[in-house]
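So the structure is just underneath, and the comments pick up after that.
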Amino acid sequence: MATYRLSAKTISRSTGRSATAAAAYRAAEIIRDRRTGLVHNYRARGGVVHSEIVAPAKSPAWVLDRSELWNRAEEAERRRDAQLCREVLVSLPHELDDPRRKELVRTFVREAFVSRGMVADIAIHRAHEKSDQRNHHAHILVTLREPLGESFGPKVRAWNDKALLLEWRQAWEQYVNRDLERAQVPERVSSRSLADRGIDEEPEPRQGPVATDMERKGLRSHAGDDRRASKARNAERRRLREERHQTERRIHADERHQGPSREQTDFGADDSRPGIRSADIPDWRARRERLLAASYETDVRNSRLARYWRIARFADGLRFENARGRFDDLGDIIVARDGNQLEIRGMLDVAELKGWRELAFTGSERFRQAAMAAAVERGFSIRAEGRDAEILRDIQRHEQHAPTRERLGAPDRSERPTR
């Protein structure tokens, strides 16, 4: 699908760069830098689909000569750390053909840059043969001064305003989407961040030219490893989202054909298994929570629970096990094998991670009493009726008069991480 990118940076002498070298490389041309005497020859590089210079209507003729343009931009700057030009990099929709991509860039450049008095040097590149073949993009070098007579006038400070960059980003979104619509392509792009759009993915880290060159030669780089790891994490997020959507569709289909089940309207008073439920999950969500238990597996594996429990995924949820206990998170209920103190501690840790606030309990009276006492000490609210309400009152009275003692919720020294 179409991807969005518009980034801008300045090319400065303080980083050892020059406008002449940048222009020659991006346009695959040869330019001699009159200030340094260096010849920048990049005619042998490929991948340049189109290059041109776009300037305001009343500009002198020399601005349309790439070598003259950027040599005079260099000569206009006296400082050793001078900013020489600005580079704007945009991704082009692979769904469009070359003529449409070229016209898209031209139109945007005229209205975003040239209309303000900048001279823009465009170089449209196709994807490198060893990279994603959809990676069509354009490098746009723009001047920081307006051309004036045989040289440039003073720098225009307004062109460095951060608000202007935001305006360019939003405008590029509009131009791309307009051309996609004209081409009857359903995809759209957005200048907003993933977080602002509510997308649970992390932005891929940028990979600079050095790392990119290493990767193309078959060498691994730290930046490349970071990018691959980010892609893998995002792929896992997408897999879990799709799994969740499929589960929700199955739930809706079941509900249409079968109607509400007892599981959806009862906390399971007949269930004798030692278990902890979230009492504040609405009845209609109980079955859904059970089926979606595995969707937060990554958070669990990154928590302190992973130090003490082996965590395994199975058909109904997540299993936590070590030499002294085992319990299963089934989504709307966490069920223990034996109901011992260690299992209770782990079950409450999971309940905290899941964000449960009010708990209900199943199983033997002995288990319910121990689990409720631990939950009260950890600060959970308890929903209790009948005999459980009596047990809870006894626990609360005992808590009021008991001396300070070790909290059940914290791991004791006898526990050791089990892998």
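The values are calculated or read from the model by the stated rules, or taken from the named source; none is laboratory data. No experiment lies behind these values; they were computed from the predicted model shown. Using ideal geometry, Cβ is built from the backbone for each residue, glycine included, and neighbour counts are taken over all protein chains shown.
Among residues of segment 208-228 that are closer than 20 Å to L89 by Cβ and of a type in the set (G, A, S), those with a Cβ under 6 angstrom from a residue that is at pLDDT below 75 and not in a helix (DSSP H, G or I), sequence gap 6+ or separate chain, pair up as A223/Q207. Residues in segment 324-377 that are under 18 Å from A306 (Cβ atoms) and assigned to a loop (DSSP other than H, G, I, E, B): R324, K354.
If the condition is being within 17 Å of D121 (Cβ to Cβ) and either aliphatic (A, V, I, L, M) or touching a Gly at 6+ places or on another chain (Cβ under 6 Å) (or both), then segment 58-90 contributes A61, V63, L64, L69, A73, A76, L84, V88, L89, V90.
I want to confirm something. Restricting to segment 1-40 and keeping residues that are of a type in the set (K, R) and crowded, with 16+ Cβ neighbours inside 10 Å, which single residue is nearest to E173 (Cα to Cα)? Full working, then the answer.
In the first step, residues of segment 1-40 are kept if they are of a type in the set (K, R); the result is 5, 9, 13, 17, 26, 32, 34-35.
If we keep only those that are crowded, with 16+ Cβ neighbours inside 10 Å too, we end up with 13, 26.
Working: R13: 31, R26: 23 Å.
Once the filter is applied, the top-ranked residue is R26.
When you look at A73, is it part of a helix (DSSP H, G or I), under 33 Å from the mean Cα position of the chain (by Cα) and crowded, with 18+ Cβ neighbours inside 10 Å, yes or no? Talk me through it step by step, then tell me what you get.
Working: part of a helix (DSSP H, G or I): yes; under 33 Å from the mean Cα position of the chain (by Cα): no; crowded, with 18+ Cβ neighbours inside 10 Å: yes.
Considered against the rule, which asks whether it is part of a helix (DSSP H, G or I), under 33 Å from the mean Cα position of the chain (by Cα) and crowded, with 18+ Cβ neighbours inside 10 Å, A73 comes out as no.
State whether the residues of segment 380-387 include one that is modelled with pLDDT of 90 or more and among the β-branched types (V, I, T). Yes, segment 380-387 has at least one match. A residue that is under 27 Å from R35 (Cα atoms), under 27 Å from the mean Cα position of the chain (by Cα) and in the same structural domain as W168 (by TED's automatic domain parsing) occurs somewhere in segment 89-100.
Is it the case that E87 is more than 30 Å from P203 (Cβ to Cβ), in contact with a strand residue (DSSP E or B) (Cβ under 8 Å, 6 or more places away or on another chain) and not in a helix (DSSP H, G or I)?
Values: more than 30 Å from P203 (Cβ to Cβ): no; in contact with a strand residue (DSSP E or B) (Cβ under 8 Å, 6 or more places away or on another chain): yes; not in a helix (DSSP H, G or I): yes.
It is false that E87 is more than 30 Å from P203 (Cβ to Cβ), in contact with a strand residue (DSSP E or B) (Cβ under 8 Å, 6 or more places away or on another chain) and not in a helix (DSSP H, G or I).
Scanning segment 14-52 for residues being over 30 Å from P203 (Cβ atoms), of a type outside the set (A, V, I, L, M, F, W, C) and in contact (Cβ under 8 Å) with a residue 40 or more places away in the chain gives a total of 6.
From the list R80, R43, R86, R66, which one is assigned by TED's automatic domain parsing to the domain that holds R178, out of contact with any His (no Cβ under 8 Å at 6 or more places or on another chain), surrounded by fewer than 18 Cβ atoms within 10 Å (Cβ to Cβ) and within 23 Å of T15 (Cβ to Cβ)?
Details: R43 fails: within 23 Å of T15 (Cβ to Cβ); R86 fails: surrounded by fewer than 18 Cβ atoms within 10 Å (Cβ to Cβ); R66 fails: surrounded by fewer than 18 Cβ atoms within 10 Å (Cβ to Cβ).
Step by step, each of R80, R43, R86, R66 is checked, and only R80 is assigned by TED's automatic domain parsing to the domain that holds R178, out of contact with any His (no Cβ under 8 Å at 6 or more places or on another chain), surrounded by fewer than 18 Cβ atoms within 10 Å (Cβ to Cβ) and within 23 Å of T15 (Cβ to Cβ).
Of the residues making up segment 216-249, those that are modelled with pLDDT of 65 or more and within 18 Å of G331 (Cα to Cα) are L240, R241, E242, E243, R244, H245, Q246, R249. Listed by first and then second residue, the pairs linking a residue in segment 383-398 that is within 14 Å of F361 (Cα to Cα) and touching a residue at least 60 places away in the same chain (Cβ under 8 Å) to a residue that is of a type in the set (G, A, S) and outside any helix (DSSP H, G or I), with Cβ atoms under 8 Å apart and 6 or more places separating them unless they lie on different chains, are R383/A279; R383/A360.
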